[in-house]
1. For the range 253-265, what are the residues that are part of a helix (DSSP H, G or I) and either more than 22 Å from Ser242 (Cα to Cα) or of a type in the set (D, E, K, R) (or both)?
2. Conditions first: (1) modelled with pLDDT of 95 or more; (2) of a type in the set (Val, Ile, Thr); (3) over 28 Å from Asp300 (Cα atoms). Ile183 passes all but one, so which condition is the exception?
3. State yes or no: is Ile109 in a loop (DSSP other than H, G, I, E, B) and of a type in the set (A, V, I, L, M)?
4. Across the range 3-47, which residue is nearest to Glu137 (Cα to Cα) among those that are within 20 Å of the chain's Cα centre (by Cα) and of a type in the set (Val, Ile, Thr)?
5. Does the range 166-177 hold any residues that are open to solvent by 10 Å² or more (accessible area, probe 1.4 Å) and under 22 Å from Glu286 (Cβ atoms), and which are they?
6. I'd like to verify a number: residues in the range 143-179 that are in contact (Cβ under 8 Å) with a residue 12 or more places away in the chain and either basic (Lys, Arg) or not in a helix (DSSP H, G or I) (or both), how many?
7. Among the residues of the range 1-39, what is the count of those that are within 27 Å of Arg125 (Cβ to Cβ) and either assigned to a helix (DSSP H, G or I) or among the acidic types (Asp, Glu) (or both)?
8. Of everything in the range 182-215 that's closer than 24 Å to Ile276 by Cβ and loosely packed, with under 14 Cβ neighbours inside 10 Å, which residue is farthest from the chain's Cα centre (by Cα)?
Amino acid sequence: MLSRSAQGVYWMGRYLTRAQYLSHLLELHVQALVDRPVGEIHFGWRRIYRAMKRLPPPGEEWLPEADEFALADSFTLADDLTFDRTNPESVWSSLERGRENARQMRHCISAEMWTCLNRAYLWMRDLEAVDIWRTPEAFYSRTCNEIHNFIGVADATMYRGPAWRFMRLGRAIERIQLVVSLILAQTDLSRRTRIPNLGWPSMLRAHRAAEAYSRIHGIEIQPDRVLDLLVADPLLPASLLSSLRAAAGELDAIETGPGVEADAAARRLSGRACAIILYDWPEAEERDDLIRRVGQCARDLHDAVLGAFVDYAIEDSPLR
């Protein structure tokens, strides 16, 4: 497979996963604007911004603690995270970049995939925050559904060749990094508040794990149990372990890349990250440090994948 094609479908998977993940976080958070205390609303915004490694817009320096400001501030922050064309992490930017990679890689994806993604992009292209603010949760729900539809169409129509594998690999690595960032944001902010369990129920909802948690542990929310589920449960699709195994599985299915050393490093890193969760997590005392190690493995894995299949030196290639 051409390096350019591998790069294009890999980044397509990453950008669309990012757009879907952030849309789901915003969907849950704007639902909370209706009836949650202002302190909880501000906590949620802080957590999202910290997870996305972005500062709020100028003038929103964490935020007046009064109810009358909450709605206006939320409009500004949602606009920044959703429609700001200068924010490379916004929902609009991520969807636009995913669609652009798909446009350039149309020879690698099915016609149905292109139609599905292009329709979603054309629907969102000219929208602004003022257009959605009457029912913002409906907008974010539709955005998530459009990307879910794209993934379903890909599952049903895409040829199971290297392009399929690289798209899924990109999705898995993006999920790992996003989940790590959100967990670290949650644990850091929760230590700074005096409100017990603040943010932990929404962490379960953000990863579609609330029903699984209630079946396993009942209705009482305990942060350590939430972390165990989100990090190490192999049956939860959104857990770190599930995403790490998905990345390792896709790498195993892809032939060795031209960058041989980087390819070997990528396969070692995927196994090492899985081993951290499987063997170190159950007895870990400094859980944040362990999650940071997994996050670093994921960043190094991304670099190794690009080094193995995209940015390799010609003299390293066995094909020269």
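1. Val260, Glu261, Ala262, Asp263
2. It fails just one condition, (3).
3. When the stated conditions are applied, Ile109 passes them.
4. The qualifying residue nearest to Glu137 (Cα to Cα) is Val30.
5. Gln177
6. Adding up the residues that qualify gives 7.
7. So the count comes out to 27.
8. Step by step, filter the range 182-215, then rank; the result is Arg191.
The values are calculated or read from the model by the stated rules, or taken from the named source; none is laboratory data. Here the structure is a predicted model, which is why all the values come from computation and not from measurement. Positions of Cβ are backbone-derived with ideal geometry, glycine not excepted, and every protein chain shown enters the neighbour counts. To get the accessible areas, we keep the full protein, side chains included, count just its heavy atoms, and leave off ligands, DNA and RNA. Shrake-Rupley method; radii C 1.70, N 1.55, O 1.52, S 1.80 Å.
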